[in-house]
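Have a look at the structure below, then the notes.
The values are calculated or read from the model by the stated rules, or taken from the named source; none is laboratory data. A quick note: this is a predicted structure, and the numbers were derived from the prediction, not measured. Methodologically, a virtual Cβ is constructed for each residue, glycine included, from the backbone with ideal geometry; neighbour enumeration extends over all protein chains shown. In case anyone asks, the SASA skips ligands and DNA or RNA and just uses the protein heavy atoms, side chains included. Shrake-Rupley method; radii C 1.70, N 1.55, O 1.52, S 1.80 Å.
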Amino acid sequence: MTDPALQMTGVRKVYGSGDQEVVALDCDELTIAEDEIVALVGPSGSGKTTLCSIAGGLLQATEGTVEVGGRDITELSASELTDFRRTAVGFVFQTVNLVPFLTARENLLVVDELGGRRSRNGAKAKERADQLLDELGLTDRAGNLSSELSGGQRQRVAIGRALMNDPALVLFDEPTSALDSKLGDQVVKLIRDEMKSRGTAAIIVTHDDRITHYADRTVHIEDGRITD
Amino acid sequence: MFLAFHEIRRGPVRFSLLALAIGLLLFLVLFQQAIQNGLITSFVGALRNQSAPVVVFSLDGQRTLQGSTVSDDIDAKVREVEGVDAVARAGQGTFTVTIGGGDATDASILGTDDPGLGRPSELSGGRRAEAEGEAVGSEADFEVGDEVSVVASGDGEAVVLTVVGVARDVQLSVEPTLFTDLATYEASVRAVNPQAPVVPVNGLFVRPADGVDPAELADRINEAAPDADAVTREEAARTAPGVAQIRQSFQIIFALYGMVVPLVTGLFFLIVTLQKARSLTLLRAIGARTGVLATALVTQVLAVTFLGVIVGIGLYRLVTSGGELSSLTVRFDPALAIGWGIGFLVLAVVGSLASLRRVLRIDPMDATTGAGT
Ligand SMILES: Nc1ncnc2c1ncn2[C@@H]1O[C@H](COP(=O)(O)OP(=O)(O)OP(=O)(O)O)[C@@H](O)[C@H]1O
Ligand SMILES: [Mg+2]
């Protein structure tokens, strides 16, 4: 058996102190299998973004251990976390996902530049970007800036960007919130296809119960606690 | 590289405008520097570019030939100082002259009794003065073959000097300047002032013996003749009255530019950085090393400034190609251009430190909320 994509044990995130203490996340146990797609559902402020941020190495937990693809990231330094985010996870954020002065294709290629000169893949990255754009049906939009793309196209570029580094785990924070329900449905279906064809694990955060049927499993969260 | 140049490609106008602004600033600096050098040269070029390494004034002469009077006593003492090879006596004054029968104009005449001392060290045309009445003139004002008459007054006898050679950068006190023999100078003084009993010697031009350091010789002369004020040719030029003041006022201007350059580039890049704060936050969140983002910023600063430097030097080259601006000599000086160009690059990087700080302090976590702008 291979390592799970995500293993969180006793993870708590507490903001502030004393009377002002806010427990944003209090997760005893969460395991996501190597190729599992999990829908994370919960009301606003329940800790969904916090959970994804900790799993993705953007935020450090106050306590507990986090393993991604078998690697313990709990004790990593800030610069190690940067490298971890670039190489091991994919993100699709709630709001901003694209760099406006780069074309769709360049938004994918930029991932290859972020580690500096030595970590570059060059031609391989170009090949991969073109293949992803093809899979996402964006080949003829590859040269357009994000301002020239529709909302759905933008979201697809973001998905491509998140897959550029061949991550062990992809974190989607409300990938459909800006789209109408039909388009949202398409995007989630696309996410599922992309994940399944690669055998990559994913967490899809959503308010929308209708799209959870594309997931292998639905996890509910409330007040920072996972309820089932 | 990727980030830096793709951004410039998508917003070429704003980056070109900055390059243009930097170019104009550099051009102004170089041009003013050229004017400063031209001004100083027109004030003291005659001293700086003459053949004697040591110049002797009288102590009360304030380092101008015209204000200085060298007594026979000083003259005798200087000649006895060890290490002196040759001494020329010199007289200098401003006269009203006509060139080739044209309009009257002021000119400075500098006469020495040794054609090898106190005369332009290099000619740009013609030959050196040999016979009495022959002169070498400042290139900007005279041509070989010019007949220059000193306008006489009262029953004075007019003197005519024939320009047989010209030299570059040899003006004195921003006047047309003629270098001739001492007798012709004295005749010129008598033309204006026929009653003058004696024509005083204004200064001495001294050549040190082989292997003697001019600065050391000047010190020795000052010790031997307490009323003398001996200096090297370079110091005579540097400390002449007016020169220090010119330098000082220009230095203030240059210091102001030194502040404007980092301000302009700094502000520009700070605005650009703030405008793309969301993108930078996103890039940090998906694993961009701060070094990569910082390098992109510095690359942009250097690229745009470099472009500006090219523009500035190009303009400077263009404007100085004539070599002259009204009567002032302004010349293209490559060392100056390169020096200031490098200075501008450094200043621009210094100015972008605020943006750099902003880039280094991005919190990638802000990407989850869309904050960070
Ligand atoms: N930097 C912070 N400082 C203090 N409290 C915070 C901070 N970030 C988040 N919180 C709090 O932690 C809790 C969980 O926030 P989180 O953003 O994870 O919620 P969410 O489930 O993503 O909500 P939404 O669906 O609205 O995006 C909230 O109560 C929030 O106010
Ligand atoms: Mg959220």
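Among the residues of region A:176-197, at least one is open to solvent by 20 Å² or more (accessible area, probe 1.4 Å), within 14 Å of chain B (Cβ to nearest Cβ) and either in a helix (DSSP H, G or I) or in contact (Cβ under 8 Å) with a residue 24 or more places away in the chain (or both). From the set of residues in region A:205-228 that are under 19 Å from A:P4 (Cα atoms) and more than 16 Å from ligand 1 (Cβ to nearest atom), which is least open to solvent (accessible area, probe 1.4 Å)? In this case the residue turns out to be A:A215. Can you tell me which residue in region B:61-77 is most open to solvent (accessible area, probe 1.4 Å), limited to those that are assigned to a helix (DSSP H, G or I) and modelled with pLDDT of 90 or more? Out of the qualifying residues, it is B:D72.
Annotation note: of A:R105, A:R86, the sole residue that is within 13 Å of another protein chain (Cβ to nearest Cβ), without any contact (Cβ under 8 Å) to a residue 60 or more places away in the chain and not hydrophobic (A, V, I, L, M, F, W, C) is A:R105.
Region A:20-114 holds helices (runs of 4 or more DSSP H) entirely within its bounds, and those carrying 3 or more residues that are within 15 Å of ligand 2 (Cβ to nearest atom) map to A:48-55. Answer yes or no: is there a residue in region B:158-168 that is open to solvent by less than 10 Å² (accessible area, probe 1.4 Å), hydroxyl-bearing (S, T, Y) and closer than 23 Å to B:P115 by Cβ. No, every residue in region B:158-168 fails to be open to solvent by less than 10 Å² (accessible area, probe 1.4 Å), hydroxyl-bearing (S, T, Y) and closer than 23 Å to B:P115 by Cβ. Of the strands (runs of 3 or more DSSP E) lying entirely inside region B:116-201, not one contains at least 3 residues that are at positive phi. Quick check, is A:A202 open to solvent by 70 Å² or more (accessible area, probe 1.4 Å) and either outside any helix (DSSP H, G or I) or within 14 Å of ligand 1 (Cβ to nearest atom) (or both)? Against the criterion (open to solvent by 70 Å² or more (accessible area, probe 1.4 Å) and either outside any helix (DSSP H, G or I) or within 14 Å of ligand 1 (Cβ to nearest atom) (or both)), A:A202 does not qualify.
Per the listing B:R238, B:R220, B:R207, the residue uniquely within 30 Å of B:G125 (Cβ to Cβ) and part of a helix (DSSP H, G or I) is B:R238. In the set (1) free of Cβ contacts under 8 Å to residues at least 24 places away in the same chain; (2) surrounded by fewer than 17 Cβ atoms within 10 Å (Cβ to Cβ); (3) over 30 Å from the mean Cα position of the chain (by Cα), B:M259 fails one condition alone, (3). Evaluate the following for B:F57: is it in contact (Cβ under 8 Å) with a residue 24 or more places away in the chain, away from every other protein chain (no Cβ under 14 Å) and open to solvent by less than 20 Å² (accessible area, probe 1.4 Å)? For B:F57, the condition - in contact (Cβ under 8 Å) with a residue 24 or more places away in the chain, away from every other protein chain (no Cβ under 14 Å) and open to solvent by less than 20 Å² (accessible area, probe 1.4 Å) - is met. Quick check, is B:L307 touching a residue at least 60 places away in the same chain (Cβ under 8 Å) and within 21 Å of A:P100 (Cβ to Cβ)? So B:L307 fails the test. Among the candidates B:R10, B:R14, the residue that is modelled with pLDDT under 95 and touching a Pro at 6+ places or on another chain (Cβ under 9 Å) is uniquely B:R10. Checked across region B:338-358, the condition of being touching a residue at least 40 places away in the same chain (Cβ under 8 Å), closer than 30 Å to A:L51 by Cβ, in a helix (DSSP H, G or I) and away from every other protein chain (no Cβ under 14 Å) holds for at least one residue.
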